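Visitor: Take a look at this one; I'll ask things after.
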Amino acid sequence: MFFSKAGFVKEGYLRNAWENEDGTVTDSIVYGAIKEDWVLGNPTPIKIDDVPF
């Protein structure tokens, strides 16, 4: 994925968050980057997939 290669980390999901031109609604994924992680080239790992729900 392009965002991961650029140093961004997947932060979360937003369900039914994006309305399309045809009226359908889709999910969105939130990516973020901490400046210190970007400068050091070492993203801080997150535990988004550790929660079983």
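The values are calculated or read from the model by the stated rules, or taken from the named source; none is laboratory data. Please read these numbers as outputs of a predicted model, since none were measured by experiment. Here the Cβ positions follow ideal geometry from the backbone for every residue, glycine too, while neighbour counts run over all protein chains shown. Note: areas computed on protein heavy atoms with side chains; ligands, DNA, RNA excluded. Shrake-Rupley method; radii C 1.70, N 1.55, O 1.52, S 1.80 Å.
Visitor: Only residues that are at pLDDT 85 or above and either exposed (fewer than 10 other Cβ atoms within 10 Å of the Cβ) or of a type in the set (Asp, Glu) (or both): list them for segment 17-53, please.
Guide: Those that are at pLDDT 85 or above and either exposed (fewer than 10 other Cβ atoms within 10 Å of the Cβ) or of a type in the set (Asp, Glu) (or both): GLU19, ASN20, GLU21, ASP22, GLY23, THR24, ASP27, LYS35, GLU36, ASP37, VAL39, GLY41.
Visitor: Name the single residue that is modelled with the lowest pLDDT among those in segment 1-16 being open to solvent by 90 Å² or more (accessible area, probe 1.4 Å) and farther than 27 Å from VAL39 by Cβ.
Guide: TYR13
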